[in-house]
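The structure under discussion appears below in the form of structure tokens.
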Amino acid sequence: QVQLVESGGGLVQAGGSLRLSCVASGISFSANAEDWYRQAPGKQRELVASISSGGSPKYADSVKGRFTISRDNAKNTVYLQMNSLKPEDTAVYYCHVRVWIVDYWGQGTQVTVSS
């Protein structure tokens, strides 16, 4: 059974930092790309960052230069380091992995950035 468990969200002032973690189980973690998505109230879920099985990252334009995605295959964990946070980064952040044609999601972690 695949499980993705996020942690690390919270309330932070604009300009602050948070680090999100997602621990995966039930999959061959090192063989899969991992993603972070976010969904703000009233908006569609959007892709924030991805990291390939080889460790190559990609970012949405809105977070480039501020967010860093990384992975630790020994810990089955993917991270999202978020710096210089803005109020518009406020959302529920979700960890995602696609295994073959099946999408798996974590339960989400709330990030709130106050101005």
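Spot the failing condition for V63; the list is (1) over 23 Å from Q1 (Cα atoms); (2) in a strand (DSSP E or B); (3) among the β-branched types (V, I, T), and only one is missed.
If we test V63 against (1) over 23 Å from Q1 (Cα atoms); (2) in a strand (DSSP E or B); (3) among the β-branched types (V, I, T), just (2) comes out false.
Out of Q81, Q44, Q107, report the one residue that is under 21 Å from V5 (Cα atoms), in a loop (DSSP other than H, G, I, E, B) and modelled with pLDDT of 95 or more.
Q107
From the residues in the stretch 77-114 that are closer than 14 Å to W36 by Cβ and touching a helix residue (DSSP H, G or I) at 6+ places or on another chain (Cβ under 9 Å), which one is surrounded by the most Cβ atoms within 10 Å (Cβ to Cβ)?
Once the filter is applied, the top-ranked residue is V78.
Output the number of residues of the stretch 1-36 satisfying the condition of being within 11 Å of L80 (Cα to Cα) and open to solvent by 50 Å² or more (accessible area, probe 1.4 Å).
Of the residues in the stretch 1-36, 3 are within 11 Å of L80 (Cα to Cα) and open to solvent by 50 Å² or more (accessible area, probe 1.4 Å).
Only one of (1) without any contact (Cβ under 8 Å) to a residue 12 or more places away in the chain; (2) part of a strand (DSSP E or B) is not met by G54, so which one is it?
(2)
The values are calculated or read from the model by the stated rules, or taken from the named source; none is laboratory data. These figures come from a predicted structure and were not determined experimentally. Every residue, glycine as well, gets a Cβ built from its backbone with ideal geometry; the counts of neighbours run over all protein chains shown. For the accessible areas, the whole protein counts, side chains as well, though only heavy atoms, and no ligand, DNA or RNA atoms are used. Shrake-Rupley method; radii C 1.70, N 1.55, O 1.52, S 1.80 Å.
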